Amino acid sequence: MIRVVWRQQRAQLITMLAVFVVGAAALLAVRASMVSYLDGHALGNCVAIGIRADGGCGNDVVQSFQDIWFDRMKVGQLFVLALPVLVGLFGGAPLFARELEQGTHVLAFTQSVSRIRWMSSKIAVAAAPALVVVVALQLLVEWWVGAAGKIGPLASGPYFYATFGTSGLAPVAYTLFAFSLGMFVGAASRRTLVAMTVTLAVTVVLRYALSSLQKFLVSAQRIVSDDPSVSKVEPGSLTVFGGYLDANGNVVPNANSAVMNCGSKGDAPVTDTATCYRDHGLVKWFADVVPAEAAGTVHLVEAAIYLGLAVVLVLATGWAVRRQA
Amino acid sequence: MSTPALCAAGLSKHFGRVRALDDCTFDLPEGRVIALVGPNGAGKSTLLSLASGLIRPTAGSISVHGTPVRGRMHPDVAYLAQNRPLYPDFTVREVIQAVGAMNERWSQPRVEEVLDMLAGVDRDAKVRALSAGARTQVAIALALGRLPKVLLLDEPLSDLDPLARDETLRIVMTEVADRGTTVLMSSHLLSDLSEVCDHLLLVVEGQVRLNGDVEDVLAEHRVLVGPRDDESAVSGVVVSASRAERQATLLVRGADPVPAGWVADRPDLESLVVGYLRAARERAAARR
Amino acid sequence: MVTDPGAYAGGVIEFRIDRRSGVATYIQIVHQAKQAMRLGLLNPGDRLPTAREVVEATAVNPNTVLKAYRELEREGLVEARRGLGTFVTKSLANDATNRGAPLRQELADWMGRAVHAGLGVDDVDALYVDVREERYPIGEPRS
């Protein structure tokens, strides 16, 4: 059975292999070229410490590197970000829809192989290589971006959208979700084009919605600064909510007017901002943040949501296939 | 006879409000070549799909050699679907291997033997490049590879040229001679089937109108020609009638004895079936 | 044994089925078997073609062939032997009907003259049926 579905999907699998080979070769070449740039401009140290004037890694030195390489690395990350959608569109959506359109599912249904076995073979043969390709390309891009260290996209922290979506479990989870979605809509609608359109729309909308909810996926930690004029947000963490506390430690609801009053007004600059804040009832500064170290947990929670949806979609596909005639 | 090859009890299949088959109960004998006849949309394909397990009945049941068919292919059944599903980008050889891999009981030699009986099916040709006739023949060869006891053929002779038609019939009839397979084949053209079938299953508007040995069915019916004003003298059930000013021509089931003044003739299969179909159409027209 | 163009390796005779004749296939087979027996093409001990052989040659339904053979068996002309086939048990050929018989020869001569006189098949058939119906009125047993 595996051999039969392999033969059926041979064209798509070869296309995917070609995408992988071309993509991997390009990534290897582009990484090698970047590494030689870093070496040639003696930026090795800056990769480790980031933009710091005292380490000889001033803005000017790093800027000329980033002018050339930053967007390229972002394109690489966006490529990995787009892969799951492509797998959903060209792997998942046509998987059952094309057979149902052409009526060839009847050939399998009128042999002794069970529908469940037929279905699971098709899913396995289509999904497993796609996952391998996605993960391999993800690792290559991570390796490349990692080579730029703290002067590349990683400097923006793990929650930077292009970094978050291309690291950890994210690509696998997105891929499985998009694939299952395409597969289900294809099996239910019996139309490849409908399945592709719906997959594209729903994947994009859901990815957007879930990434805007990203900061609510794990419980935030409250950071408090005794000096109300100084925020203590660590770079790379995700701020859920921020503001000021009064003397009793309660959140001050309308802090804006107080903050405005302590701003510079014409020729009478406020010299002691902290005192001014305190005079206006803003005793302490606080922020609820998801720290950079929690990125692994955020990945897990997000992946669990996508994988849960994928499982539901696979079961729904089974239902849709069983009721086909 | 032993257990019937196919047995339907209260079999119904509704698609929404459409009653493709409605409460059909019948037995089909083993080893016969059965013509499944009826107008387009009468429920022939639905009946074959139910018998193969491709679809599930709305009500009732269908069984093959005593084992019920339940939503999946019965091991003793092979089914030639009307659209001849074959993977278009496979070669004939590949499609044979593929179908072999999808079956537990499978005879590669049988498939080869059947294909060898045919003129000009190139095993290395892509399925999409085959003529309609060659596709049908490959599909039949694949069905016979399952070594079925019951062979279901949906419109097996449509879009075949005369030579392919003859070859195809020869394959099917050889199968019957060799293995005693029961064949149930549908056609909306009776002339395709009348010469090779020995049993008739007539389905009209989702219901079985006739089911029996062709000779028996023909022997039960008479075409009576006689005076129009004397129709009350005719016994039996009038299936259909055409009336001129003075003369009436009646297709009658069980018209014994023939009344005086009437001429009786045995109908041939074609006129018998046409009589039933015409009657059905008139009833449908009367309802509207 | 007289060579017949229809004879082939599978059996002694081959049936020809005319699908347009309106005569039921099994009756055609019965008639042709009897005809062959009358003409001496089939003699006691000869095996009739198997259903499979007939099907291969003519694409008829094998059940129809078996039905024809059952009819011949009922008339006591043949006998089915399990696993071996169906064998002719009785001879219908006699000196008057076999190929070399004088009556046949006379008919052949007559038909030669008809051809010579320019008569078509329909004319010959009309003459033959006319004379036959004079001598053998309808209603009398035919065989």
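Quick note: the coordinates plus some simple rules give every number you see, no bench work behind them. From a predicted model like this one, the values you see are computed outputs, not experimental measurements. Cβ atoms come from the backbone with ideal geometry, glycine included; neighbour counts cover every protein chain shown.
Label separation (A:Met260 vs C:Arg20): 10.3 nm, computed from points 7 Å beyond Cα along the C-beta direction. Across segment A:244-254, coupling constants 3J(HN,Hα) worked out from phi with the 6.51/-1.76/1.60 Karplus curve, θ = phi - 60°, read 10, 10, 8, 4, 8, x, 8, 5, 7, x, 10 Hz, and Gly and Pro carry x.
Backbone amide hydrogens, once placed in the peptide plane, bring B:Arg19 within less than 5 Å of nothing, excluding anything fewer than 5 places away on its chain. If R0 is 45 Å, the Cβ-Cβ spacing of B:Asn40 and C:Asn94 corresponds to a FRET efficiency of close to 0.20. Computed packing ranks the peptides A:26-39, A:306-319 as A:306-319, A:26-39, most packed first, by mean other Cβ atoms within 10 Å.
Would you mind checking segment B:73-95 for residues with the amide N under 16 Å from a putative spin-label position 7 Å along Cα→C-beta of B:Ser158? Counting only backbone N, you get B:80-86. Take the Cα of A:Glu234, step 7 Å toward its Cβ, do the same at B:Glu113, and the gap between the two points is 7.8 nm. Cβ distances below 4.7 Å define possible disulfide partners, and in the protein assembly as shown the cysteines left without one are B:Cys7, B:Cys24, B:Cys197.
Taking amide hydrogens as placed 1.01 Å from N in the peptide plane, the amide H of A:Thr239 sits under 5 Å from those of A:Val290, each at least 5 positions away in sequence or on another chain. In whole Å, how far is the Cα centre of segment A:1-37 from that of segment B:75-143? Each part's Cα centre sits 34 Å from the other's. Note on A:Thr275 and A:Ala128: the extension gain reaches 46.7 nm, defined as 0.36 nm multiplied by sequence separation minus the Cα-Cα distance.
Where in segment A:150-164 does the amide nitrogen come within less than 19 Å of the point 7 Å from the Cα of A:Asn45, taken along Cα to Cβ? Once the point is set 7 Å along Cα→Cβ of A:Asn45, A:150-152 turn out to lie under 19 Å by backbone N, inside segment A:150-164. Measuring r between the beta carbons of A:Ser225 and A:Leu315 and using R0 = 56 Å, the FRET efficiency lands at 0.70.
Of all the options A:Asp272, A:Asp67, A:Asp226, the one that moves most in a Gaussian network model of chain A with Cα springs shorter than 10 angstrom is A:Asp272. Put in line by how crowded their Cβ is, counting other Cβ atoms within 10 Å and starting with the fewest, A:Tyr161, B:Tyr79, C:Tyr26 read A:Tyr161, C:Tyr26, B:Tyr79.
Given Cα pairs under 8 Å that are at least 6 residues apart, what percent is the relative contact order of segment C:1-93?
Details: 130 pairs, mean separation 29.4, N = 93.
With pairs under 8 Å counted, the relative contact order is 32 percent.
Other protein chain C-beta atoms within 10 Å of residue C-beta, averaged over B:44-52: 1. Per-residue shielding of C:58-70, expressed as the average number of other chain Cβ atoms within 10 Å of the residue Cβ, stands at 6.
Can you give me the relative contact order of segment B:216-287 as a percent, contacts being Cα pairs under 8 Å and 6 or more apart?
On the way: 118 pairs, mean separation 26.9, N = 72.
It comes to 37 percent, rounded to a whole number.
Which FRET efficiency value, to the nearest 0.05, is calculated for A:Asn250 and A:Val205 with the Förster distance at 45 angstrom and r the Cβ-Cβ distance? Please report the intermediate quantities before stating the final value.
Working: r = 38 Å, r/R0 = 0.84.
Step by step, r from the Cβ atoms, then E = 0.75.
For chain A, what relative contact order do you get, as a whole percent, if you take Cα pairs closer than 8 Å and at least 6 residues apart? Across chain A, relative contact order equals 22 percent.
Can you compute the charge dipole magnitude of segment B:216-287 about its Cα centre, using +1 on each Lys and Arg Cβ and -1 on each Asp and Glu Cβ, nothing else charged? Give it in debye, rounded to the nearest 20.
Here the size comes out at about 340 debye.
Order the peptides C:117-130, A:195-208, A:177-190 from the highest to the lowest mean number of other Cβ atoms within 10 Å of their residues.
On the way: C:117-130: 11.0, A:195-208: 17.4, A:177-190: 26.8.
Highest-to-lowest ranking by the protection proxy: A:177-190, A:195-208, C:117-130.
Since only B:Pro148, C:Gln32, A:Leu213 are under comparison, the one whose Cα sits farthest along the positive direction of the charge dipole of the protein assembly as shown, derived from C-beta charges on Lys, Arg, Asp and Glu, is A:Leu213.
Kindly point out which whole DSSP H helices in chain A project their C-alpha atoms 18 angstrom or further along the helix axis while averaging a Kyte-Doolittle hydropathy of 0.0 or above. Flagged H segments are A:10-40, A:59-87, A:115-147, A:170-189, A:192-212, A:295-322. Compared with the dominant Cα axis of chain B, that is its longest principal axis, helix B:132-145 is turned about 80°. Peptide B:97-109 has a mean shielding of 4, counted as Cβ atoms of other protein chains within 10 Å of each residue's Cβ. Residue exposure proxy: A:Glu302, B:Glu167, B:Glu113, ordered by other Cβ atoms within 10 angstrom of their Cβ from fewest to most, comes out as B:Glu113, B:Glu167, A:Glu302.
Residue order for B:Thr136, A:Thr15, fewest other beta carbons within 10 angstrom first, comes to A:Thr15, B:Thr136. Taking other residues whose beta carbon is less than 13 angstrom from the beta carbon of C:Arg113, and scoring Lys, Arg as +1 and Asp, Glu as -1, yields -3. Taken about its Cα centre, segment B:38-144 carries a charge dipole of roughly 420 debye when the Cβ of each Lys and Arg holds +1 and the Cβ of each Asp and Glu holds -1. Placing +1 on the Cβ of every Lys and Arg and -1 on the Cβ of every Asp and Glu, with nothing else charged, gives segment C:1-93 a dipole about its Cα centre of roughly 200 debye.
Highest mean first, how do B:103-112, A:112-121, B:142-151 rank when packing is the count of other Cβ atoms within 10 Å averaged over residues?
Numbers: B:103-112: 14.3, A:112-121: 17.0, B:142-151: 23.6.
Packing order, densest peptide first, comes out as B:142-151, A:112-121, B:103-112.
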